[in-house]
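Heads up: the structure comes next, in structure tokens.
The values are calculated or read from the model by the stated rules, or taken from the named source; none is laboratory data. None of the values given here were measured: they were computed from a predicted structure. Here the Cβ positions follow ideal geometry from the backbone for every residue, glycine too, while neighbour counts run over all protein chains shown. When the accessible area is computed, the model is the full protein with side chains, heavy atoms only, and any ligands, DNA or RNA have been set aside. Shrake-Rupley method; radii C 1.70, N 1.55, O 1.52, S 1.80 Å.
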Amino acid sequence: MIRLIFISTFFLCSVNLFTHAQAAPPDLDIQQLAHSQYWLKLGHYLPGRFSGYVSTADSDSFFLADGGKYDPLSELNATLKALYSDDIAAAAAMRCKFPARYTWLEAQQERDAELNCAELDTWRQALDPEGLTLVFPTAYMNNPSSMFGHTLLRIDARDQTRSRELVAFAINFAAEPDTHDNPAIYALKGLIGSYPGRFTVMPYYRKVREYNDIESRDIWEYKLLFTPEEVERVLLHLWEMQQAEFDYYFLDENCSYQLLALLQLARDDLSLVDGFDIAAIPSNTVAKLVRSGLTQPPAYRPAFGTRLLHEYRKIDDRLFAAAKLAKQGIYPSADEFSERERAAIMEFAYEWLNFELYDEGLERDVTAKQLTRLLYQRSLLDSGSPFSPVPRPAVSPEQGHGSTRLGLSYDVYQHDSNRIGFEWRAAYHDMFDNPAGYIPGAKISFFDAQASVDEDSRLRLDRFYLVDSMALAPSNRIFSSLAWSVKVGYDRQGPDQYGRGLAQLGFGKAFGAADGLHLYGLVAEEINYGALTDDEVEPGLGIRAGVFVPGGRSHRFGVEGEWLALFNSATADHSDITGTWQWSIQRNVALRTELSYQRWGDDQLSGKLTGLWYF
């Protein structure tokens, strides 16, 4: 508890003063230092849009110079003045406030920094750091804000073992949203950076419980190949981060980006944030660390729901019915079931009830007594666990396809000229992309666009979807999940291929297996506007359904269709059916074939062959 108190006061603590002070620095090449890569990393500076630099840190307290956010030179001069002040007490306080800056400046003078900071020492002793592990909880299918996944760091103590990892400490960077905001406002504010983001340090078991147990997200743990000295560099800068606040953007300056910015302080030559100007997808940032040779092979921590689903697939209907009764306190008898079957029933019933405790918010005291009784009944059986460990996925998240996609297509229309199309998608994954490394049954696309040119060199925009997402968590006897979809953007419909702006929403159910035969049906509504509707607002209401079939590791087949009645329109309804086959030739190369039927007043048949490249 005392250890936890020390850590919890990390961002509230003050510094102790000390009486030792070193002389002012000898002549340094200030101009050169101000533009050295390590100083720019310490200030989180990036090249400005037109010239100069700008820091991603947004709180004035992180800077010592007026305008230090935009001027690394003035910030360095102010730092030197503060750290080497003639006022010994003031200089000592500043060195304890910015130990990473001071340590680096002393190294430039070929001296070892002498820090005498009681609070900092206490903090380091409590952490007892030896290494760092990057932790990647995968996406949570039914939470749009987490569908890219999340990353955080675990501080591994010197005597840490696998069984003691949960009592380690975690470094988390997260937005601090207004709890009164609804999901739409939350998403919008997250996209435009309206929430503050800060680093926090907390017990690792709390994050495992949040992601692994409550949200049922599998966790991948990548131990970083940092020396103790490099870990020390990272933690000294983390200490300085108590002064920093960042605008949090869901797509680029997010948790994964800020962790890379922190980790690149470990070595002078690390530049980990390069290439993440538009989006910092967590799986891509993990892949960058792996490609940089900074990680060991990952460990896998299956989610609560993953374990439960694994056991559900191992028992038959007879044992399932008995487990359902066991949850209610009616335990299986030795006359009906073997000892091994009873062990399976009790273990499955325990996991099932425990899952419902989190998922359905059951009354804790009553459920705890039921769980204790199940454990007691299980303890009476002299049989090992009948369940095998949850198999580790063959492909870890960073080994999946790249999240950005380019495509070149040839489009054939029944009532229109043939066209050559050019596609671009900023992020991230759809139902026909290679599912290896991604959670199955979920789709989230941002900035998905296609333009095409016909035989007379006429160029047109065929589609632009700002967001196109779908989560099809299958329901079964233990999980009852809501399937949903949302699409906002522009596309073309009908025989004349007129354009429309649209906003679609759908809710329903999905069944089957997300990584196997998978079906869904949604009640759908939409609003249409544009040339297609003669600039009239035309709402629609109907159904949307589909089926997906895997074909080995490289092929995905599927048919999706929709029918919607139109209101305020001379056209009674419209419908769309598309059959798709994707052949993933390599990890980042695929060929997609689509055959479509559209009806908006009249019929339109079309075919499309697309070569796709992921990066």
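Things to note:
- Förster radius 45 Å - calculated FRET efficiency between S575 and I30, Cβ distance, rounded to 0.05: 0.05
- For the chain, the dipole from Cβ point charges (+1 on Lys and Arg, -1 on Asp and Glu) about the Cα centre works out to 1720 debye, to the nearest 20.
- Counting all C-alpha pairs of segment 162-221, share separated by more than 18 Å (%): 51
- Summarising the label geometry, the points placed 7 Å from Cα in the beta-carbon direction at S475 and D181 lie 3.1 nm from one another.
- A probe of 1.4 angstrom, applied to the heavy atoms of all protein chains, finds I88 with accessible area near 80 square angstrom.
- Proximal lysines to K314, defined as alpha-carbon separation beneath 17 angstrom and excluding residues fewer than eight positions away on the same chain: K324
- Given charges at Cβ of Lys, Arg, Asp, Glu: the chain dipole, positive-most of P397, L380, L408: L380
- When you work out D = kT/(6 pi eta Rh) for segment 421-484 at 10 °C and 1.306 mPa s, using the Kirkwood radius from C-alpha pairs as Rh and the Stokes-Einstein form, the result is 115 µm²/s.
- Trypsin sites (Lys or Arg not before Pro) within segment 427-461: DSSP coil, no more than 11 neighbouring Cβ in 10 Å: R458
- Only Lys, Arg (+1) and Asp, Glu (-1) charged, at Cβ; segment 124-301 dipole about Cα centre in debye: 540
- Using the rule -39500 (n - 2.57) for each DSSP H run of four or more residues, divided by the residues of the chain, the 222 nm mean residue ellipticity is -8000 deg cm²/dmol.
- In nm, spacing of pseudo-spin labels at D128 and A531 (7 Å Cα→C-beta vector): 7.0
- Net charge dipole size for segment 444-518 [Lys, Arg +1 and Asp, Glu -1 on Cβ; Debye, nearest 20]: 420
- Backbone N within segment 524-541 under 11 Å of label point (7 Å from A565 Cα along the Cβ vector): 541
- Segment 227-291 and segment 345-394: distance between their alpha carbon centers, rounded to Å: 39
- Dividing the radius of gyration of the alpha carbons in segment 400-614 by their Kirkwood radius gives 0.95 for Rg/Rh.
- Compared with the dominant Cα axis of the chain, that is its longest principal axis, helix 282-291 is turned about 60°.
- Remark: segment 30-116 projects, on average over all directions, an area of 5.7 nm² (convex hull of Cα atoms).
- Dipole of segment 39-168 [Lys/Arg +1, Asp/Glu -1 at C-beta], most positive-end residue of L42, F98, L76: L42
- Nearest 10 degrees, 0 to 90: helix 364-379 Cα axis against the chain principal axis: 80
- Label zone (S338, point 7 Å along Cα-to-C-beta; backbone nitrogen cut-off 18 Å) within segment 356-393: 381-388.
- Cβ-derived FRET efficiency at R0 41 Å, L517 paired with Q108, nearest 0.05: 0.05
- Label-point separation, D252 to N77 (7 Å along Cα→Cβ), nm: 3.0
- In plain terms, the C-alpha convex hull of segment 212-362 casts an average shadow of 13.3 nm² when viewed from every direction.
- Net length gained if the chain between Y498 and S457 were fully extended (0.36 nm per residue, minus Cα distance): 12.9 nm
- Remark on segment 75-146: hydrodynamic radius 15.1 angstrom, per the Kirkwood mean of 1/r across alpha carbon pairs.
- The chain: C-alpha gyration tensor shape, a/c 1.5 cut-off, then a/b vs b/c: oblate
- Packing-based ranking, highest mean first, of 106-113, 243-250, 54-61 given that Cβ atoms within 10 Å are counted: 243-250, 54-61, 106-113
- Degrees separating the helix 228-240 axis from the principal Cα axis of the chain, which is the longest one: 90
- Residues F387, F615, F50 ordered from highest to lowest accessible area at a 1.4 Å probe: F50, F615, F387.
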